[in-house]
Each structure stands twice: as structure tokens, then as C-alpha cells.
Amino acid sequence: MSEKPKFAMYWAASCGGCEISVLNIGEKILDVDAHFEPVFWPVAVDSKYKDVEAMEDGSILLTLWNGGIRNQENEHIAHLLRRKSKILVAFGSCATEGCVPGLANLYPVEEIFSTAYHTVSTDNPQGIHPQPVVQVPEGTLTIPAMNPVLKTLAQVVDVDYFMPGCPPEPHQIAAVIDLVIAVLEGKAQLPPKGAVIGAGNSTVCDECPRARNVKHITAFKRIQDVAPLDPTLCILEQGVPCNGPATRSGCNARCPRVGAQCIGCYGPAEGVLDYGARLITAFASVVDAKEPEEIEAILDGIPDPVGQFYRFNLADSLLRAGVPAWKKNGH
């Protein structure tokens, strides 16, 4: 039997990019194999839920969980891996703040299914609608039922550490792996429980080399409607909504450095209570207007407010969901 500490990784309601980001650490993945025994990693290891259920509680040293909690299966496995794991990490934006799947919280489940299975873009001539339980000649078939809203991992179980990013940057993942290995070798200590790891403590703006000079925005525009962008000046101050002022550092401002606005994939910066509220304040501060009505009119020019302010963070914001989703599900 292997004496190496056990490692697990799970993919819930997400796109799978976090799984790929782990592979993108290159040769560093060999350090994972050298120091850990992967016992549950469905995308890479042939293991079953029953195998995890048979393990002693706390027998898995480290579990990286990517994805939000969207259905009953996600929720069941979250509780299972919490019991079996000494260290549970919310890994990536979907696990830490809901990410793009969390935008579905604007709508009730029935409307989501109707759009997915009964619109003109769907090839479903028989009008089949998936059901949690279906009787067939061979017996009973079950699929996980959708929960009323998507939740972050920390809204369901206790989480030890949070690693943001959509996905986390490979160099940040490698740094965390080095830290955990150093802890195993007695050369370092883990950060305090609840800490954000694999990211910075400032904002994307602090990593961005663009100059912030003039604040005279009279209208917000899509980036394709501003041509050409000044390569040296703050993108927000050129009238293009950029989420750098409220977004946690750690990505080295990759998007602004190549002429694209920050969209917020590293989540709220340290101390930000509500990501959208902080962004609205930041955007209003660069508007060339003094009267509230004027400022509001300019902010109304943002094409997609929810997508701009809560693209990654709706499920973990003070709002969490749209009114239709709450009311439809009895909240």
C-alpha cells in the first residue's frame, strides 16, 4: 500500500477548464505524482463514489474542488468529500463564486429547461424533457435533480482555502503545489484557514502598466467600437468598461496588457464586500458628470449590466439570484 498522502479532485458545475489548468503546470505534475496518491479524480483516475465512501473520514489529505453546486449529485459529493478530506480547497471561479453557471440564478429551473430543450435551436422533435426519475422496461432510471439555484462550495460545506481564477493560472497552481510539498516536508506552514491562495492581495489595476491620467468619460462603449485603443492609457478611462478596479490581482493583468478589458475572472479583491457594488462605484468615479442623474444616464450606457458586474460573482454576491428564481422556488 502507498504511504503517500491521498489527493482528490472533483469536477462539479463547471466547464472543465480548471482540470486542464492543472495539466498546464507541465512537468510540475510529476511532483504531484511523486508526493501524492491520487485516489479520486474522475477525469484522470478510474475510481468510483463507492470507493470514496469506503474510505475513513479524513483519510484524503487534499481535495481540489472545481465547480459550483447545481444539482443533488454535486451537493451529495460535496458533503462526502468534506468528510473524507483534511483540506478542502474551492478551486477556481466556479467553486469560489459561482462563475458563468451562476448567471442561471436569474431564472427559475423550469425556464432554464424550457430554453435548453424546447427552443428553435434545439433538435428535440419528440419534445423530451428530462425527469429525475423515469420508469423503463429495464427498471428505474434516475438522474440528479436540479437545485433551485446554483450555490458556491462554501455555501454548502465548510471550505479550508479558496483559489480563484477562471481558471487559476498555472504558475499560481505550481506555487501552491510547492507550498503543500514544503509543508509535507516540514519546511513551511499552511496559511490560516479561510485564506485565499494562489492569488494576490491587491487589484488588477495595481498590476497593470497602463497609465491612469484623465477621467473624462461621457459614455461607455464596447471595445470594438473604440478604435484604435491607446496602448498606454487605462482602458476604463477610454470609455471601455474594465473590471480591474475591483478584481483580485494574481493574473499579472494579462488582458489589459494585450488591449482587452479585465472581465473579473479572479473575483473580488481583498476587502470587497460586493463585487458589483464596488465596480459601480469605480465606474462612477471616472464619469465626467457631477449630478446623480447625469452619472446614472452614463452608467445606463453599459450594454449588459449583470454580465459586466456579476459575470463571475452573482452566486456569491449579496444578490445571489434574480427575483424570478427566488419567488418561483418559494424563497
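Looking at 277, 269 in this structure, which one is within 30 Å of residue 178 (Cα to Cα) and of a type in the set (A, V, I, L, M)?
Only one candidate passes the filter, namely 269.
Which numbered condition trips up residue 253, out of (1) in contact with a Lys or Arg (Cβ under 6 Å, 6 or more places away or on another chain); (2) at positive phi?
If we test residue 253 against (1) in contact with a Lys or Arg (Cβ under 6 Å, 6 or more places away or on another chain); (2) at positive phi, just (1) comes out false.
Among the strands (runs of 3 or more DSSP E) contained in region 93-151, which hold 3 or more residues that are in contact (Cβ under 8 Å) with a residue 12 or more places away in the chain and within 23 Å of residue 323 (Cβ to Cβ)?
146-151
Determine, yes or no, whether residue 211 is of a type outside the set (S, T, N, Q) and free of Cβ contacts under 8 Å to residues at least 24 places away in the same chain.
Considered against the rule, which asks whether it is of a type outside the set (S, T, N, Q) and free of Cβ contacts under 8 Å to residues at least 24 places away in the same chain, residue 211 comes out as yes.
I need the full set of residues from region 196-253 which are touching a helix residue (DSSP H, G or I) at 6+ places or on another chain (Cβ under 8 Å) and among the polar types (S, T, N, Q), in order please.
Matches in region 196-253: 203, 213, 218, 243, 247, 249, 252.
Which one is farthest from residue 71 (Cα to Cα) among residues in region 120-142 that are modelled with pLDDT of 90 or more and of a type in the set (Ser, Thr, Tyr)?
The residue in question is 140.
Counting only residues that are in contact with a helix residue (DSSP H, G or I) (Cβ under 6 Å, 6 or more places away or on another chain) and of a type in the set (A, V, I, L, M, F, W, C), which one in region 300-325 is farthest from residue 248 (Cα to Cα)?
My answer is 325.
Quick test of your reading of the structure: residue 232 fulfils all but one of (1) touching a Phe, Trp or Tyr at 6+ places or on another chain (Cβ under 9 Å); (2) modelled with pLDDT under 95; (3) not aliphatic (A, V, I, L, M). Name the failing condition by number.
All conditions are met except number (1).
Filter region 157-194 down to residues that are in a loop (DSSP other than H, G, I, E, B) and of a type in the set (A, V, I, L, M) and give me whichever is nearest to the chain's Cα centre (by Cα).
159
Looking at the structure I just gave you, is residue 151 surrounded by 13 or more Cβ atoms within 10 Å (Cβ to Cβ), modelled with pLDDT under 95 and charged (D, E, K, R)?
No: the conditions fail for residue 151.
Out of the residues in region 1-58 meeting the condition of being small (Gly, Ala, Ser) and more than 21 Å from residue 86 (Cα to Cα), tell me which one is nearest to the chain's Cα centre (by Cα).
Going through the qualifying residues, I end up with 14.
Limited to region 161-202, what total is found for residues that are without any contact (Cβ under 8 Å) to a residue 24 or more places away in the chain and on the phi > 0 side of the Ramachandran plot?
1
For region 273-326, enumerate the residues that are among the basic types (Lys, Arg) and either in contact with a Cys (Cβ under 6 Å, 6 or more places away or on another chain) or in contact (Cβ under 8 Å) with a residue 24 or more places away in the chain (or both). Let's see the steps before the verdict.
We begin by selecting, within region 273-326, every residue among the basic types (Lys, Arg); these are 278, 290, 311, 320.
Answer for region 273-326, where residues must be among the basic types (Lys, Arg) and either in contact with a Cys (Cβ under 6 Å, 6 or more places away or on another chain) or in contact (Cβ under 8 Å) with a residue 24 or more places away in the chain (or both): 278, 311, 320.
From the list 244, 200, pick out the single residue that is in contact with a Gly (Cβ under 7 Å, 6 or more places away or on another chain) and surrounded by 17 or more Cβ atoms within 10 Å (Cβ to Cβ).
Just one listed residue meets the conditions, 200.
The values are calculated or read from the model by the stated rules, or taken from the named source; none is laboratory data. For clarity, every value in this text was computed on a predicted model and none was experimentally measured. Note that we place each Cβ from the backbone using ideal geometry, even for glycine, and neighbour counts take in every protein chain shown.
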